[in-house]
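Peer 1: Below is a structure I'd like to ask you about.
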Amino acid sequence: MLENWVVTPTCLPLVLRRCHACASGRFRTSGKFRVNAHHKLIDAWLLVLCTACGETAKLTVLERVNVRSVPPELLDRLHDNDPGLAAELLQDPLVRRRNRIALDWAGAWRLDTGGPDHLDREVIDVSVRFAARIPVRPVRLIAEGCGLSRAETEKLITEGGLVSAVRLNGKLSGDFTFLLKR
């Protein structure tokens with residue numbers, strides 16, 4: 001029987017970027033946007049706050065874009081400070097590259113396994129789905145979901161008791177499946 005596990009975000013991740021005021025390297029997302037219009041052009045920024053000093057920094061979302069080329073739904077979401085839009089934009093590789101930021105997902109996600117009823121079975125076939133692009137080591141997910149230590153999980157991989165089509169030792173942010181034989 002195939003088990004379905006889901007990795008879901010619990011909050012927005014921290015933004016890794018150097019603060020100009022205090023040289024801290026972490027910002028938390030306020031979920032608020034600033035929109036500024038220049039005649040027919042529009043700029044939009046996602047506001048982030050330094051975790052050490054509280055200084056505000058702006059992450060560029062739109063820069064000198066013609067207002068008519070921006071979908072009205074996006075403008076409404078920007079003006080309404082939609083937290084879902086903030087989460088979507090932090091996931092966007094273009095926004096991260098343009099602003100030279102990385103994300104710190106530590107403590108911002110959880111693994112939903114559907115209950116502990118699979119822990120006593122000899123063979124477990126699991127499909128892991130990511131609700132957001134959260135980079136996590138599959139070994140960590142498997143250890144947490146099966147109630148094993150990381151060392152036990154690594155041992156199962158080397159002995160062939162834990163198999164998958166993907167490499168389980170690196171970080172992964174996409175869906176995968178694995179088979180665990182105890």
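The values are calculated or read from the model by the stated rules, or taken from the named source; none is laboratory data. Everything quoted here is computed from the prediction, not taken from an experiment. Note: ideal-geometry Cβ built from the backbone for every residue, glycine included; neighbour counts use all protein chains shown. SASA here: full protein model, heavy atoms, side chains in, ligands and nucleic acids out. Shrake-Rupley method; radii C 1.70, N 1.55, O 1.52, S 1.80 Å.
Peer 1: For the subset of the stretch 48-57 comprising residues that are small (Gly, Ala, Ser) and on the phi < 0 side of the Ramachandran plot, which member is surrounded by the most Cβ atoms within 10 Å (Cβ to Cβ)?
Peer 2: Checked the stretch 48-57; the qualifying residue surrounded by the most Cβ atoms within 10 Å (Cβ to Cβ) is ALA57.
Peer 1: So, in the stretch 129-145, of the ones that are outside any loop (DSSP other than H, G, I, E, B) and either of a type in the set (Ser, Thr, Tyr) or open to solvent by 30 Å² or more (accessible area, probe 1.4 Å) (or both), which residue ends up farthest from ALA57 (Cα to Cα)?
Peer 2: GLU144
Peer 1: Go over the candidates ASP120, ASP104, ASP92 one by one and state the one that is open to solvent by 60 Å² or more (accessible area, probe 1.4 Å) and not aromatic (Phe, Trp, Tyr).
Peer 2: Of the residues listed, the single one that is open to solvent by 60 Å² or more (accessible area, probe 1.4 Å) and not aromatic (Phe, Trp, Tyr) is ASP120.
Peer 1: Can LEU85 be described as of a type outside the set (Ser, Thr, Tyr), more than 23 Å from ALA131 (Cβ to Cβ) and touching a residue at least 12 places away in the same chain (Cβ under 8 Å)?
Peer 2: Here the answer is no, as LEU85 does not meet what is asked.
Peer 1: Could you count how many residues in the stretch 165-182 are farther than 14 Å from TRP109 by Cβ, of a type outside the set (A, V, I, L, M, F, W, C) and open to solvent by 50 Å² or more (accessible area, probe 1.4 Å)?
Peer 2: Result for the stretch 165-182: 6.
Peer 1: Report yes if GLY31 is modelled with pLDDT under 95 and either on the phi > 0 side of the Ramachandran plot or outside any helix (DSSP H, G or I) (or both), otherwise no.
Peer 2: Considered against the rule, which asks whether it is modelled with pLDDT under 95 and either on the phi > 0 side of the Ramachandran plot or outside any helix (DSSP H, G or I) (or both), GLY31 comes out as yes.
This table checks each residue for (1) open to solvent by less than 40 Å² (accessible area, probe 1.4 Å); (2) hydroxyl-bearing (Ser, Thr, Tyr); (3) closer than 30 Å to ASP175 by Cα; (4) without any contact (Cβ under 8 Å) to a residue 24 or more places away in the chain.
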position	(1), (2), (3), (4)
ASN4	no, no, yes, no
LEU12	no, no, yes, no
ARG18	no, no, no, yes
LYS32	no, no, no, no
HIS38	no, no, no, no
LEU46	yes, no, yes, no
LEU59	yes, no, yes, no
PRO72	no, no, no, yes
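Peer 1: May I ask you to say which residue of VAL126, VAL166 is of a type in the set (A, V, I, L, M), at negative phi and not in a loop (DSSP other than H, G, I, E, B)?
Peer 2: VAL126
Peer 1: While we're on this one: State which residue is modelled with the lowest pLDDT when the search covers only the stretch 124-164 and only residues that are over 22 Å from TRP105 (Cα atoms) and in contact with a strand residue (DSSP E or B) (Cβ under 6 Å, 6 or more places away or on another chain).
Peer 2: Of everything passing the filter in the stretch 124-164, ILE124 is modelled with the lowest pLDDT.
Peer 1: Collect the residues in the stretch 146-159 that are open to solvent by 10 Å² or more (accessible area, probe 1.4 Å) and in contact (Cβ under 8 Å) with a residue 12 or more places away in the chain, keeping them in residue-number order.
Peer 2: GLY147, GLU154, LEU156, ILE157 - these are the residues of the stretch 146-159 that are open to solvent by 10 Å² or more (accessible area, probe 1.4 Å) and in contact (Cβ under 8 Å) with a residue 12 or more places away in the chain.
Peer 1: Exactly one condition in (1) over 19 Å from GLY84 (Cα atoms); (2) part of a strand (DSSP E or B) is not met by ALA23; state its number.
Peer 2: (2)
Peer 1: Here is a list of conditions, (1) open to solvent by 50 Å² or more (accessible area, probe 1.4 Å); (2) touching a Phe, Trp or Tyr at 6+ places or on another chain (Cβ under 9 Å); (3) in contact (Cβ under 8 Å) with a residue 40 or more places away in the chain, and THR113 meets all of them except one; can you say which number that is?
Peer 2: (1)
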